[in-house]
Amino acid sequence: MIDLLYINVGKINEITFKKHLMKIPLEMRNMILRQRLFSDQKLKLFGRILVSYYHRGNFLWKHWAINENNKPYLKEGKPFNISHSGDLVVVAFSKEEVGVDIQEMSELNVNELINFFHTEEQKFIRNASDISDAFFEIWTKKEAYLKAVGKGLLFGLEKENILEFQKSEEKTWNFIPVELENNYKTVVCTEVENAQVNVYNITLDQLTENNKQELN
């Protein structure tokens, strides 16, 4: 079972942002404030706030760590993965390693970008009836997979053919599309076959509540 939490940060103002910023360690605050755009600062901050909210009542920032591939993890807690795009931030939690990617389906020059993909993926996109939708399908699956295995996009977009079930270190990875909001494409990557994804739309009111109730 996978829990997926998401929040829309588009309407969050500076006062609310600063209030939540003070909940995280100073070093993490400084890293977030180095982001040039306020929109990016909000996305970075609330990804971390969602992680702490999920473990509420049993969370310490000292357990937050970064592995050699720059992927955050908790020394004590479930594996998780964060993604954000547009106004949405999503975090997937699982008992096993997990990757998630969300992309706002904005207008892009697809013909240039797909040159970085595997040749089979390029054929799939160019032959699709909706080239833009096919591009974002491949993009989200590829990034979710690379994040799940801890490689990241620097590993090389062209080295993996995401149209096939991917195998890494004797693990088979599966893709689960998730519907959140219009004009967004979201995919979870997990080694668990037929995994159930529970989706929770988290509000600011929930984040400010100091209770230990279970998600519902």
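Annotations for the structure displayed:
- Residue check: E143 meets all listed conditions (1) at pLDDT 90 or above; (2) under 15 Å from the mean Cα position of the chain (by Cα); (3) under 23 Å from R48 (Cβ atoms); (4) surrounded by fewer than 15 Cβ atoms within 10 Å (Cβ to Cβ) but one, namely (4).
- Subset of the range 36-49 that is surrounded by 15 or more Cβ atoms within 10 Å (Cβ to Cβ) and among the charged types (D, E, K, R) - its residue that is farthest from E143 (Cα to Cα): K42
- For M28, the conditions (1) out of contact with any strand residue (DSSP E or B) (no Cβ under 9 Å at 6 or more places or on another chain); (2) surrounded by fewer than 17 Cβ atoms within 10 Å (Cβ to Cβ); (3) in a helix (DSSP H, G or I) are fulfilled apart from (1).
- The strands (runs of 3 or more DSSP E) found wholly in the range 50-132 and carrying at least 1 residues that are surrounded by fewer than 20 Cβ atoms within 10 Å (Cβ to Cβ) and in contact with a Phe, Trp or Tyr (Cβ under 8 Å, 6 or more places away or on another chain) occupy 64-66, 72-74, 80-85, 98-104.
- Residue within the range 9-26 that is under 16 Å from the mean Cα position of the chain (by Cα) and touching a residue at least 60 places away in the same chain (Cβ under 8 Å) present: yes
- Of all residues making up the range 23-77, the number that are acidic (D, E) and touching a His at 6+ places or on another chain (Cβ under 7 Å): 1
- Only one entry of L5, L33 meets the criterion of being modelled with pLDDT of 95 or more, under 24 Å from D133 (Cα atoms) and either surrounded by 13 or more Cβ atoms within 10 Å (Cβ to Cβ) or aliphatic (A, V, I, L, M) (or both), and that entry is L5.
- Failed item, numbered, when K151 is tested on (1) closer than 26 Å to Q41 by Cβ; (2) in contact (Cβ under 8 Å) with a residue 40 or more places away in the chain; (3) surrounded by fewer than 19 Cβ atoms within 10 Å (Cβ to Cβ): (1)
The values are calculated or read from the model by the stated rules, or taken from the named source; none is laboratory data. Predicted model, so just to flag it, every value in this text is computed and none were measured. Quick reminder, even Gly has a Cβ in these numbers, built from the backbone with ideal geometry, and neighbours come from all protein chains shown.
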